[in-house]
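Notes follow once the structure below has been shown.
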Amino acid sequence: MKDEKIRRFSSAEIFLHWTYAVLFLALGCTGTLILIYRIFEVEIVRYEILSLTHRIAGVSLIIVLGQTAILSIFVKGFGQLWHTFRQLLRWILSDIVWLAKVPFNMLFKRVTLPPAERFNPGQKLHLLVIFTVLPGFSISGLVIILVPGTLAAWAIHLICFIPTALFLLLHLFLSMINPQTRKSLPAIFTGFISTEYARQHHSLWIETREIKPHGSHVSWRALTLTITASAIIIVFAIRYYGYERAQENIRKLISSQGTTSILPGRLAKSHTDDPQLKYCIICHQSLLKPSSDACLSCHDILQQRIAQQSGFHGKLTGQCLSCHTEHAGEDADIRNFDTTQFDHNLANYELQGKHSKLSCQKCHLVKENEDEDAAAQTKYIGLNFGKCTNCHSDPHLGRFKKACTACHSEDGWKEPYLVFYHNKDTEFEIDQIHSYLACASCHKDIEPPLFKPLPTTCEECHDNHDNIEKQNHGVARRIVSKPDLHTGHATCTECHQTDKQRPKPADYANTCLSCHDIIQQRMAQQSGFHGKLTGQCLACHPEHAGEDADILNFDHNLANYELQGKHSKLSCQKCHLVKEDEDAAAQTKYIGLNFGKCTYCHSDPHLGRFKKACTACHSEDGWKEPYLVFYHNKDTEFAIDQIHSHLACASCHKDIEPPLFKPLATTCEECHDNIEKISHGIASRIVFKPDPHAGRVTCTRCHQTDKQRQKPADYANECKSCHNYEYEQLYHNWNMAFELRKSQAKKLLSRLHQISASKASQIVERITEAEYTGFHNIQLANTLWDQILSEFPNDIRDLEGYPKNESE
Amino acid sequence: MFISIGLVVLFASCASFEHLTMVREQIFPHAVQCGKCHVEIYNEWLQSDHASAYTNPNFRQATDDYSFEDCLNCHAPEPTVADTPPVARSVDRDEGVTCVSCHLQEGKLSGPIEPTGNVAPHPIGVNPHLYEDSGFCGRCHNGDFDEWRAVKITDKKSCQQCHMPPITRKMTQATGVISKLIVAFEHEVSMKRHTFSMAPSEPQDDIISIEAKRGGSFVTLTIKNNLPHSLPGGDFGFRVLVLQILAIDSKENPIRIGQRELAKEMASAIQPLEAIDWQLKIPPDTVFIRVKLQRLSYEENDIVNLTDIKVPLQ
């Protein structure tokens, strides 16, 4: 029997269904994928593509529905759609019964459903839902596109999604899978269904007579298979994704009250760390864009700045969001700050002088948290800049009370930018006596130059300088005597005028007589002994030369002490003018003098430092060469080895005059303390890290003591003797590197000599330092050479073809 | 047709594997590219001295700003061929001792273990004899290797056994969806960590062994180096260990009774498997002797604790 067909859907209905279906499926798929991306953080298709597709499809759907509505007015075929809608929206009593019976019909075949019209109540219900959610979707969707960040729109969009998805799945199941109902599927392509189907499912439409449909409308097997297949797919998807991760994300979804489903991206780390920012509503509003007030309620420094119109932000107008974006991921730098284009003078702190040449990070890299990486720690707002010491360490260790700017300017710390007048800026005025001294003559104790404020009285400095103060009070190195008569009577400045450089004895002539007024009187009257004299007081008085003419012819060899050598040429008083006790005046005493030891008459210029008898080295014919009998290797504890053999005595014994030949230290480090310092990283101008050999490897490990004037080649094997054979080449490389720098420096120096002799002589000293630093501290030597080469002015560097020094 | 669409999709998403198909004698991948799949190995290497062999500021200074070319043979080596000495790379020197320096052999990315995945995105070579041999390390670490070779004991550990600790894990880790799918089918194998650490991460007891014999107010310590290289090892740079001896009395108060620096340059390094004797005066109520061995890195001033042993007094 040929099956009869009956027309169920008109062309307009089919057209409307499919245009709607295609766009709706696209919206459903992209919407679902967006939700999966947000909740489970799985990006199956790129988010940007999903979002764009979803928006285009949404807008298209609105346009298509609108166009169809317009078409329905002018085109006859489409006008019938209104009739279709009326059919769909018209509910009769049996429809309610039908809906109530559907669940039982699924369970028991015996339960029959009431007859249905062209659209059964399920289809009517579906359309009712669509009619309800369509305005919700459209309006909230348009708001989402036009006013980003409105919470209410997102909530409505999400709420509409749930019933829509359920009905769509049911619709797909019934039309494509369920065997009883999928028979009607061709109708939506062709418009026709079989009469038999129509009778069974839509009897009210096809027949006037009621025919009760019998049998179940839904196949249990199909439903179970579909649900099982879906479940398997979901289980595999979760397994592939990871149970724990899925659980974690669902827990997050629940604990955030569903908000992770509309979260467009993770917040920046600084915002997620703040527990106050847990809820969207803190920043967002229900119906409007997120406002700047929400940002500023936390960023109070900025709020203040904007209110006061100070700083960079104070000069800006507009919303925070026009520059800053959020939800760009945990690691995003939402400051969106282009340091290369930024005009710092718009900020509160105007950059001047050297400040304007610094890289941003020099000041703005603030390490508050050691764990974070450096890039995350730039801080542009809220830096303290009121004091220099907020950024700069104080090399003077806080000793100066005046502001830094009293001496320094932003153009540079050092000369020629240093503005400092000793007479004005310190409590010690530099008088003529002190005017020729170098800074380091007084400020010598501490490196780097801290310029510790020194005492301002004469005695406090000249205490350990020439021991004047101590000697005045009778405190000499070896003896304690009576204080000088002048002590306490006269201040230093009573005799020493401060307005004269380098005074000579003649300058003190009137000074003595201003106190010794009797002598002054006699000299004025030309009476008495002094009255017959001319010349300066100091010419006679420190010496008290004796003049006992009576014993000029005395044969001293008749006495117990035979005069030999130079003793025989002395005046009597040289030995015989003695003081019996402290209080007595000096008297000549010829009998009973002690003469057993040299030191009864002679003071020991070596200050008792030598334990041997004086005659071990000296004879009565004279103290000095050629009468001196002395062998360094035998008579001292320091044997002169080959390295030291070509040196003059004064090369080592140079500190004290007259040459006391103080026994010097015998270790290498104590004399060569410059090398010792250098190897520990202490150079004249900088402090550097110590060489690892310092304090660990002895000098003689490399310097053989049996060779004079050693050259670099003599050390060629020393490095590799501890390390390995590669170090022979490495030693050679460093030698060449140092030689190259040295020749560069010398070349530049010869040119500098013609321009500035003083600057050149400074550099000569530094070249010497760099030369002897060498292998004693390779890295320091390298740094010193670099510094030296950078000190030469650019015009000289230019002449020799060296690159210009950028810092200049 | 579906198959061809599937393949197109697969290859489109595999765009990041493109470099792996290019491995040849002269064109080789950067460490970052290796690290896209060998994530854990890459991260270990990144923390190791090998990664900073070229870029670290000490090396830059020690070579006078890279002007001493001889050093680069080992600090930025070309992919090595088994029998020839290392040669400096002309490109990408910043990577130091990088992945391909060791693992690119004859156009294959090679190692000691069989391929573990179903997919081999690059040519793979297997050569356990080469990679498990101390001599492989010894081509650069030649001083250590000579010292190690001279030690004659039966169960001598190779360089890799201590300085590349074993770990069981997958060869690769994934970051993307497709790569996760590929990794999911890989199985875990016992392999080596690429930390190349000079010192152990935790203080260890078996570096040195100590005996303490009391004689009156003195104790005689016998300190034996259990390692097949001297303590400290290495002959590049200046390596210093600090050996501290503490006496601990019944109230557990520690008193330092001796401290000594061990360094080759000071002729105080302990030779492999040799013992030194050290007599020290101890307080009368000493119960324990505690021996601390620390590595002093003079560059950063950080101290690594190597071992900390309590020795009862006999």
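The values are calculated or read from the model by the stated rules, or taken from the named source; none is laboratory data. Treat the numbers as computed from the prediction; the structure is a model and nothing was measured. All Cβ positions, even for glycine, are placed from backbone atoms using ideal geometry, and neighbour counts span all protein chains on display. For accessibility, only protein heavy atoms count, side chains too; no ligands or nucleic acids. Shrake-Rupley method; radii C 1.70, N 1.55, O 1.52, S 1.80 Å.
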**Report entry** Above-threshold pairs, the threshold being 29 Å between Cα atoms, out of A:Lys624/A:Lys654; B:Lys264/B:Lys310; A:Lys689/B:Lys157; A:Lys109/A:Lys183
**Finding:** A:Lys689/B:Lys157
Requested in this report: Once every Cα of chain B carries one equal point scatterer and solvent is ignored, give the base-10 log of I(q)/I(0) from the Debye formula at q = 0.11, 0.13 Å⁻¹, two decimals.
Outcome: -0.81, -1.01
Report summary line: Over 28 Å (Cα to Cα) among A:Lys5/A:Lys76; A:Lys707/B:Lys224; A:Lys354/A:Lys424; A:Lys444/A:Lys804 -> A:Lys707/B:Lys224; A:Lys444/A:Lys804
**Report entry** Computed accessible area, A:Tyr436, all protein chains, 1.4 angstrom probe, square angstrom
**Finding:** 100
Query raised in the report: Nearest 0.05, what FRET efficiency do A:His462 and A:Cys614 give at R0 = 41 Å with Cβ-Cβ as r?
Result: 0.80
Report task. Taking the convex hull of the Cα atoms, report for segment A:137-250 its projected area averaged over all directions, in nm². Result -> 11.7
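Which value, in debye to the nearest 20, describes the size of the charge dipole of segment A:753-808 about its Cα centre when Lys and Arg Cβ atoms bear +1, Asp and Glu Cβ atoms bear -1, and nothing else is charged? Don't skip to the answer; put the middle values down first.
Values: 4 positive and 10 negative charges, 15 e Å.
With only Lys, Arg, Asp and Glu charged at Cβ, the dipole is about 80 debye.
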Query raised in the report: Can you pull the Rg over Rh of segment B:187-314, Cα-only, Kirkwood?
Result: 1.03
**Report entry** For segment B:45-146: rounded, prolate or oblate by the Cα gyration tensor [a/c cutoff 1.5]
**Finding:** prolate
**Report entry** Whole-angstrom gap from segment B:49-117 to segment B:235-273, using each part's C-alpha centre
**Finding:** 34
Requested in this report: Quick one: which residues, 5 or more positions from B:Thr307 or on another chain, have an amide H under 5 Å from its amide H? H modelled 1.01 Å from N in the peptide plane, none for Pro or chain starts.
Outcome: B:Gln204, B:Leu293
Query raised in the report: How large is the dipole of segment A:676-786 about the Cα centre if only Lys and Arg carry +1 and Asp and Glu carry -1, each at its Cβ, rounded to the nearest 20 debye?
Result: 400
Report summary line: The correct ranking of B:Val240, A:Val366 by accessible area at 1.4 Å, largest first, is A:Val366, B:Val240
Query raised in the report: Number of Lys-Lys pairs in segment A:191-320 under 28 Å by Cα, sequence gap 8 or more or different chains?
Result: 8
Report summary line: Ignoring ligands and nucleic acids, chains B and A bury, in total, an accessible area (1.4 Å probe) to the nearest 100 Å² of about 2000
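Taking K and R as +1 and D and E as -1, what net charge do the other residues with C-beta under 15 Å from the C-beta of B:Thr222 add up to? Spell out each step's value before the answer.
Working: positive: B:Lys213, B:Arg214, B:Lys224, B:Arg260; negative: B:Glu211, B:Glu274, B:Asp277.
Cβ neighbours under 15 Å give a net charge of +1.
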Report summary line: Heavy-atom accessible area with a 1.4 angstrom probe orders A:Met736, B:Met266, most exposed first, as A:Met736, B:Met266
**Report entry** For peptides A:5-11, A:253-259, sequence by mean Cβ density within 10 Å, most packed first
**Finding:** A:5-11, A:253-259
Query raised in the report: Once amide H atoms are built 1.01 Å from N in the peptide plane, which residues 5 or more positions from B:Ala88, or in another chain, come under 5 Å H to H?
Result: B:Asn73, B:Glu78
Requested in this report: Would you mind telling me the share, in percent, of accessible area of segment A:222-309 contributed by carbon and sulfur at probe 1.4 angstrom?
Outcome: 63
Query - Computed over segment A:743-808: relative contact order in percent, which uses C-alpha pairs under 8 Å that are six or more apart - result: 32
**Report entry** Rg/Rg_globular for segment A:703-808, with Rg_globular taken as 2.2 N^0.38 Å and Rg from C-alpha atoms
**Finding:** 1.25
Query raised in the report: Roughly how big is segment A:270-328's charge dipole about its Cα centre, with Cβ charges of +1 (Lys, Arg) and -1 (Asp, Glu), in debye to the nearest 20?
Result: 200
Query raised in the report: To the nearest 0.05, how large is the calculated FRET efficiency for A:Lys742 and A:Ala332 if R₀ is 60 Å and r is the Cβ-Cβ distance?
Result: 0.70
Report task. Compute the accessible area per residue over segment B:84-169, keeping the other protein chains in place, probe 1.4 Å, unit Å². Result -> 54
Report summary line: Cα pairs beyond 17 Å in segment A:285-336, in percent, come to 42
Query - Inter-centroid distance (Cα atoms) of segment A:744-802 relative to segment A:148-185, Å - result: 83
Report task. Check the straight Cα-Cα distances from B:Lys180 and name the lysines below 16 Å, setting aside those fewer than 8 residues away within the same chain. Result -> B:Lys36, B:Lys170
